[in-house]
Amino acid sequence: MQLNLYFSPGTCSLVPLIALEEIGAPFETSLVKFAIGEHKSADYLQVNPKGKVPTLLVDGRPLTENIAIASFLVRSFPEAQLLPIGSSAWSEAESFVDLAWCASTVHPIVTRIVLPQLFCDLPAGIERVWNLAVEAMRANFELIDRRLESQAWVLGDWSLVDAYLFWIWGQAAVGGFDGSGYHHYANHAERMGARPSVQRALQREAQAHAWLEERGFGMKLPPPPAASR
């Protein structure tokens with residue numbers, strides 16, 4: 001099986017990147033240069049008409065969306081134990097509940113924290129978007145923090161949910177969200193950072209980021225509203 005992940009550092013493509021590192025099977029990566037609009041280029045839109053990452057090419061066939069990619073990898077590499085899949089349809093569906101929650105609820109909130117300007121074109125409205133997103137995120141961080149109070153990983157054993165939560169934690173910090181009161185979640189991020197698969201994934205991102213910066217393709221995010229107060 002030939003696997004090629006289209007990714008960009010800082011994006012949610014870190015989730016399948018960690019998954020592929022956990023699996024340990026050979027895979028390639030293709031860097032998408034957002035700063036020059038490569039995600040909207042004709043060539044890339046032929047791969048993923050949504051103009052987003054991640055995209056996983058499986059023997060040349062594109063698979064998009066983190067949940068779909070996760071489902072494929074979980075079934076294709078059961079020995080990696082990316083999710084605690086059981087023997088029944090119910091247990092299999094149940095294993096995706098938290099992953100779907102990350103993708104459909106928490107992910108859109110963190111996007112509004114990091115990039116509020118994408119959701120309003122008025123200066124005063126940008127700060128309002130950010131404030132509302134921060135308020136919404138607090139409830140989710142409190143839930144995550146409680147889930148991690150008595151266990152190292154959110155499902156008990158390590159899973160792809162932890163990879164998604166790790167990306168969310170990092171992006172929330174980039175956007176100026178104050179995570180100092182969520183000690184269990186912070187400890188979770190430290191444990192994730194010590195995991196070999198995560199270190200390898202972050203190293204790939206760091207190399208990609210350095211390559212982009214050297215060529216003037218680095219993304220320049222505006223400071224979060226909190227930083228301007």
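Laboratory data are not the source of any read-out in this text; all were calculated from the coordinates shown. Keep in mind it's a predicted model, so treat the numbers as computed, not measured. Methodologically, a virtual Cβ is constructed for each residue, glycine included, from the backbone with ideal geometry; neighbour enumeration extends over all protein chains shown.
Footprinting exposure proxy ranking of 12, 120, 102, fewest other C-beta atoms within 10 angstrom first, gives 120, 12, 102. So what's the net charge close to residue 147: Lys and Arg +1, Asp and Glu -1, counting the other residues with Cβ under 13 Å from its Cβ? That sum, taken over residues with Cβ under 13 Å, equals -4.
Scanning the chain for long hydrophobic helices, with DSSP H runs required to stretch 24 angstrom or more by C-alpha along their axis and to average at least -0.5 on the Kyte-Doolittle scale, returns 123-147.
Shown here for the range 101-197: chymotrypsin sites (Phe, Trp or Tyr not before Pro) in loop regions (DSSP other than H, G, I, E, B) with at most 16 other Cβ atoms within 10 Å, namely 119.
Max-minus-min Cα coordinates of the range 23-73 on each principal axis give 32, 19, 18 Å, with the largest extent listed first.
Legend: P(r) of the range 89-196 from all alpha carbon pair distances, 10 Å bins from 0, whole percents, reading 14, 45, 29, 11, 2.
May I ask what percent, to the nearest 5, of DSSP beta bridges between residues of the chain are antiparallel? Around 70 percent antiparallel, to the nearest 5. Sorting 168, 69 by the number of Cβ atoms found within 10 Å of their own Cβ, with the fewest placed first, yields 69, 168.
Between residue 138 and residue 105, the modelled label-to-label distance comes to 1.8 nm, taking each label 7 Å out from Cα in the direction of the beta carbon.
Highest mean packing first, where packing is the average number of other Cβ atoms within 10 Å per residue, the peptides 70-78, 22-30 line up as 70-78, 22-30.
Mean separation of Cα pairs under 8 Å and 6 or more residues apart, divided by the residue count, gives the chain a relative contact order of 24 percent. May I ask for the percentage of alpha-carbon pairs in the chain that lie more than 20 Å from each other? Everything past 20 Å amounts to 62 percent. Name all residues of the range 82-109 having a backbone nitrogen under 12 Å from the label point set 7 Å from the Cα of residue 157 along its Cα→Cβ direction, giving them as ranges. In the range 82-109, the label zone of residue 157 (backbone N under 12 Å from the point 7 Å along Cα→Cβ) covers 82-87. Among the GluC sites (Glu not before Pro) within the range 139-229, those in coil by DSSP and having at most 16 neighbouring Cβ atoms inside 10 Å are 149. Of the GluC sites (Glu not before Pro) in the range 34-138, not one is in a loop by DSSP (not H, G, I, E or B) with at most 13 other beta carbons within 10 Å.
Stokes-Einstein diffusion for the range 144-229 at 4 °C, viscosity 1.567 mPa s, with a Kirkwood radius from C-alpha pairs, works out to 89 µm²/s.
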